[in-house]
Amino acid sequence: MHPLRPTFTSASRRFVLAAACLAAIAPAAQAQAPASDKPVRLIVPLTTGSTVDTLARALSTPLAKALGQPVVVENLAGAGGVSGTAQMVRAPKDGQTLALVSSNHVINPAIYPSMPFDSLKDITPITVVGTVPLVLAVTNVVPANTLKELLAHAKAHPGQLNYGSAGNGSVLHLAAELLKSEGSIFVTHIPYKGTGPLTTDLIGGQIHMAFLSVTAAAPHIKAGKLKALGVSTLQRSAVLPDVPTLAEAGLPHYSFDAWMALIGPAGLPPAQVQRYYQAMHATLATKEVQDALGAQGIALVGMAPEKTEPFFKTELAKHAALVKKAGAVKD
């Protein structure tokens, strides 16, 4: 196995397995009395409209129903998720303040010279909620319609192609760096401050390629403004079912997921952890949530707490190795 490959077991497979236990879990979650009359504060340490924010807002109402108490989503963006997560870390350990974080949570320690908290020791992992496939999108200016053609073109013109990302050390950056490593190509990184200007320049041909979330890229791909050469996950995305995985398209060992997880402050009582996990499980099992998030390209997971902490440890090590190889530093 490639030491830098951020592998992730199929989200859909895990969810099917988890759902098999739901008959026993859901009634327990619904039968629990509210731990407090106060709303649960769910911090999203990223901007409004981000994929994590979309997930949080789609889950808030059904999760509140499963918990028997309100869930209030609060966006506290800044420093790639560090600022908002730091507030959650400092919150009382009473289960009233949680955070929904992205893969940035395990990338940040490797790209920031200092962190206000330890990404593992200062949190309580509860569950990995879902993953979002990325798609390798290429501007129409590039004369390549398949991954193999792109790799051949890049090798024939070393250093002449470039790729954009949402910034140094971002998920989009590391997905592309893994592509460079697996495909043995040299392309130049162009960091952006966000996916909006990145997508605009990609469509306009100012940059040649980029990884984007399938939902963000799909309208432009379907309109013929961008070419999709492959999705990052080991299974195809329901949003772009005709687009092969990068593994199918010519890089058999390529696999990269952007995931989202529910966490609490360190020392969260085990009973609280189980309460939130069971409520989230019941929420993810509803057709309403499955349909809404499936349309957004989000594959539901629902990983158990006892598996989530080891997963975080593995992801920290994997991303640290990938960041080191990429030489990624924060802008």
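The values are calculated or read from the model by the stated rules, or taken from the named source; none is laboratory data. Keep in mind that what you see is a predicted model, and the values were worked out from it rather than measured. Note that we place each Cβ from the backbone using ideal geometry, even for glycine, and neighbour counts take in every protein chain shown. Please note that ligands, DNA and RNA were not included when accessible areas were found on the heavy atoms of the full protein model with its side chains. Shrake-Rupley method; radii C 1.70, N 1.55, O 1.52, S 1.80 Å.
Values for this structure:
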| item | result |
| --- | --- |
| Among the residues listed as V239, V289, the single one being touching a Ser or Thr at 6+ places or on another chain (Cβ under 8 Å), farther than 26 Å from N108 by Cβ, open to solvent by less than 40 Å² (accessible area, probe 1.4 Å) and assigned to a loop (DSSP other than H, G, I, E, B) | V239 |
| Residue that is nearest to G250 (Cα to Cα), among those in the range 168-185 that are open to solvent by 10 Å² or more (accessible area, probe 1.4 Å) and in a helix (DSSP H, G or I) | E182 |
| Filtered residue count, the range 77-89, keeping only those that are touching a strand residue (DSSP E or B) at 6+ places or on another chain (Cβ under 8 Å) and at pLDDT 95 or above | 5 |
| Subset of the range 317-331 (residues that are surrounded by fewer than 18 Cβ atoms within 10 Å (Cβ to Cβ) and either in a helix (DSSP H, G or I) or not acidic (D, E) (or both)) | A317, A320, A321, K324, K325, G327, V329, K330 |
| The range 103-114, subset open to solvent by 50 Å² or more (accessible area, probe 1.4 Å) and part of a loop (DSSP other than H, G, I, E, B), residue farthest from A328 (Cα to Cα) | S114 |
| Filter result for the condition that a residue is small (G, A, S) and farther than 20 Å from F312 by Cα, over G68, G81 | G68 |
| Subset of the range 292-311 (residues that are within 26 Å of A64 (Cα to Cα) and open to solvent by less than 40 Å² (accessible area, probe 1.4 Å)) | L293, G294, G297, I298, A299, L300, V301, G302, M303, A304, P305, T308 |
| Any hit, the range 126-149, residues being assigned to a loop (DSSP other than H, G, I, E, B), within 25 Å of L42 (Cα to Cα), without any contact (Cβ under 8 Å) to a residue 40 or more places away in the chain and open to solvent by 20 Å² or more (accessible area, probe 1.4 Å) | no |
| Test for L246: is it crowded, with 16+ Cβ neighbours inside 10 Å, at pLDDT 95 or above and either under 17 Å from L100 (Cα atoms) or not polar (S, T, N, Q) (or both) | yes |
